[in-house]
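One structure below.
The values are calculated or read from the model by the stated rules, or taken from the named source; none is laboratory data. Just so it is clear, the structure is predicted and the values come from calculations on it, not from any experiment. FYI the Cβ positions are ideal-geometry reconstructions off the backbone, even for glycines, and counts take in every protein chain you see.
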Amino acid sequence: MQDLSSFHDVSFPLGVSFGATGGPEWRNEIVGLTSGHEKRNARWSMSRRFYDAGTGLRSLNDLRDVLRFFEARRGSLYAFRFRDPFDHLSSEQDAPPQATDQFLGRGDGTIRQFQLAKHYGDYQRIITKPVPETVQLAVDGVTLAADAFSVNWQNGIVEFHEDHVPPPQAKVTAGFLFDVPVRFDTDRLSASIASFKAGEIPSIPIVEVK
C-alpha cells in the first residue's frame, strides 16, 4: 500500500483521463524446456496499470491544466487519483453500480470491517480508492442506508456501525465507483504549442502505485 504522506488526494483532470490509453500489465516468466514444453511463473501477484494521458488532450486548455497538475505533484514525487476510462465501476458493461455488484465476504456476528474489492473471475483486485459518496453496501441482498456504515476513502475499508454488524454467514456485497492510485512516470514534460496545434501529442506517462 502506498505511503499516504506521499499521496495527494486529488484527481487528475477527468476530461483528459477519459481519453487516455493504457491498461493492466502482468509480469510473468516463461521458460522453454528441452522437451518442447514451457514453464510459466508469475513474478507479480497483482496486476499493475500503465497509462498515457497525452492521448486525452483535446485543447490547449487541457494541456495547461495537466501542466499545472504536474507542477503541483512535483513530477513523480506525489501520487494522486486517476479515473481509468475502461475500468472504474464495480458493475459490468457500464451499468450503474448496485449494492450487490461485488462480494466482500461473510459476516460472523462480530466483524465490522470489510475491504472493498473487484473480482475478475477468480482474481480479486483490492480497491483502495473508492470515489467518495458512491459506495453502497448490502447484506444478504438488502441494501443498507448510508448511515449504517462508514468508508475510509484512503484505503477502501468499509466499517459497519454497531447496530448493523452482519450476522453469521450473511453475504456482504458492495457497489461503487473507484479511482486508481498513480503517479507520473516521468519528471519532465515536454510540450510545444506549435507542435500541439499541428497534431503532435505529447506523451504523459502515468503508472499505478501500490
Open item on the list: I'd like the full set of residues that are modelled with pLDDT under 95 and either under 23 Å from S90 (Cβ atoms) or polar (S, T, N, Q) (or both), limited to region 154-184.
Closed with: Q154
Open item on the list: I need the full set of residues from region 1-24 which are assigned to a loop (DSSP other than H, G, I, E, B) and either more than 23 Å from S190 (Cβ to Cβ) or of a type in the set (A, V, I, L, M, F, W, C) (or both), in order please.
Closed with: M1, Q2, D3, F12, F18, A20
Task: Selection from region 167-190 of residues that are assigned to a loop (DSSP other than H, G, I, E, B) and within 21 Å of the chain's Cα centre (by Cα) - done: F176, D179, D185, T186
TODO: Looking only at region 132-149, count how many residues are within 15 Å of P97 (Cα to Cα), without any contact (Cβ under 8 Å) to a residue 12 or more places away in the chain and in a loop (DSSP other than H, G, I, E, B).
DONE: 1
TODO: Kindly establish whether D187 is surrounded by fewer than 20 Cβ atoms within 10 Å (Cβ to Cβ), closer than 19 Å to T55 by Cα and at pLDDT 95 or above.
DONE: yes
Open item on the list: Quick check on my filter: what residues within region 65-102 are among the polar types (S, T, N, Q) and more than 20 Å from A117 (Cβ to Cβ)?
Closed with: S76
Open item on the list: Would you confirm, using the coordinates I've provided, whether T55 is of a type in the set (V, I, T), farther than 20 Å from E133 by Cβ and touching a Ser or Thr at 6+ places or on another chain (Cβ under 6 Å)?
Closed with: yes
TODO: Scan region 89-98 for residues that are of a type outside the set (D, E, K, R) and surrounded by fewer than 18 Cβ atoms within 10 Å (Cβ to Cβ) and jot them down.
DONE: S91, Q93, A95, P96, Q98
TODO: Could you give me the residue pairs with C-beta distances under 9 Å whose first residue belongs to region 150-166 and is in a loop (DSSP other than H, G, I, E, B), whose second residue is basic (K, R) and buried (at least 20 other Cβ atoms within 10 Å of the Cβ) wherever it lies, and which are 6+ apart or on separate chains?
DONE: W153/K129; Q154/K129; N155/K129; G156/K129
TODO: Could you list, in sequence order, all residues of region 111-131 that are part of a loop (DSSP other than H, G, I, E, B), aliphatic (A, V, I, L, M) and out of contact with any Phe, Trp or Tyr (no Cβ under 7 Å at 6 or more places or on another chain)?
DONE: I111
Task: Scope region 57-69; condition closer than 26 Å to I127 by Cβ and touching a residue at least 60 places away in the same chain (Cβ under 8 Å); matching residues - done: V66
- [ ] Would you check which residues across region 1-46 are among the small types (G, A, S) and in contact (Cβ under 8 Å) with a residue 60 or more places away in the chain and list them?
- [x] S6, S11, S17, G19, A20, G22, G23
Open item on the list: Consider region 52-110. How many of its residues are closer than 30 Å to L137 by Cβ, aromatic (F, W, Y) and over 16 Å from the mean Cα position of the chain (by Cα)?
Closed with: 1
Task: Sole exception among (1) within 30 Å of T55 (Cβ to Cβ); (2) in contact with a helix residue (DSSP H, G or I) (Cβ under 9 Å, 6 or more places away or on another chain); (3) not aromatic (F, W, Y) for H164, by number - done: (1)
Task: Of all residues in region 190-210 being of a type in the set (A, V, I, L, M) and modelled with pLDDT of 95 or more, the one that is surrounded by the most Cβ atoms within 10 Å (Cβ to Cβ) - done: I204
